[in-house]
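Okay, structure first, notes after.
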């Protein structure tokens, strides 16, 4: 099966492997690395430790151009595609379940004969993590070509839409999903006279929306903000955020009936 390499944004995409005479050879990536996490302070033995962050890493894609037209034309086309002002995603079918957010690319080539050349494109994955191609609203079947092995996807049916006051939300990724850093939406419909309360018992986090909720209202926790029927209402909450630990997160909703809750997020991988 032919391998694919795609550079894309929400608005557009370029399939590198569809370019005439340009063949994919190999994919590789650097190891994960951490920054911070330790400080040496005068008067204190050893090191003072703190939370570490994932540093950017690189992915390398290797290609062969068959020289069907002058190499300078091909190199110019590649430079125009690779060097953008804004960041974009890279997808390679070698890792079909993942996408990489990149903000920098370098192109190096070795001449084989006249206009034939091999080249290596090195991308900087600035977020320091890989991201699932599919979200929790995608179909969880391998036929969709959005998922891969070793991605934490469970064989049994996993739902992210709930109609009860007690449920579990599964995070298949390697790290916490944090609305301050990741796209993470929770949509809520419920009847509640006051103080709609949602608790993640796994992370000991509680979110409260104080005003009344009617059955036709839609409350959305969108990243660090709350919106009621499309209007910002964060000031009507306790301003706490809900995160998701890796694995199952146990939730309970209090002071509400006729509950419908949906979770929309990507998984993140080291």
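The values are calculated or read from the model by the stated rules, or taken from the named source; none is laboratory data. This structure is a prediction, so every number in the text was calculated from the model and none was measured. Note that we place each Cβ from the backbone using ideal geometry, even for glycine, and neighbour counts take in every protein chain shown.
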Of all residues in segment 99-117, how many are modelled with pLDDT of 95 or more and surrounded by 16 or more Cβ atoms within 10 Å (Cβ to Cβ)?
7
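Looking at 179, 211, 246, can you tell me which residue is over 20 Å from residue 160 (Cα atoms) and either touching a helix residue (DSSP H, G or I) at 6+ places or on another chain (Cβ under 7 Å) or surrounded by 15 or more Cβ atoms within 10 Å (Cβ to Cβ) (or both)?
The match here is 211.
Every residue in segment 57-99 that is part of a strand (DSSP E or B) and over 16 Å from residue 128 (Cα atoms), please.
The first filter runs over segment 57-99 and keeps only residues part of a strand (DSSP E or B), leaving 57-65, 88-92, 98-99.
61, 62, 63, 64, 65, 92, listed by residue number.
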I'd like to check something: does segment 223-232 contain any residue that is modelled with pLDDT under 95 and within 25 Å of residue 128 (Cα to Cα)?
yes
Could you check segment 131-147 and list, in sequence order, the residues that are at pLDDT 70 or above and more than 12 Å from residue 99 (Cα to Cα)?
136, 137, 138, 139, 145
Please tell me if residue 155 is part of a loop (DSSP other than H, G, I, E, B), surrounded by fewer than 14 Cβ atoms within 10 Å (Cβ to Cβ) and at pLDDT below 80.
yes
Going through 33, 50 one at a time, which residue ends up being more than 20 Å from the chain's Cα centre (by Cα) and over 14 Å from residue 102 (Cα atoms)?
50
Selection from segment 192-202 of residues surrounded by fewer than 16 Cβ atoms within 10 Å (Cβ to Cβ) and modelled with pLDDT of 95 or more yields 195, 201
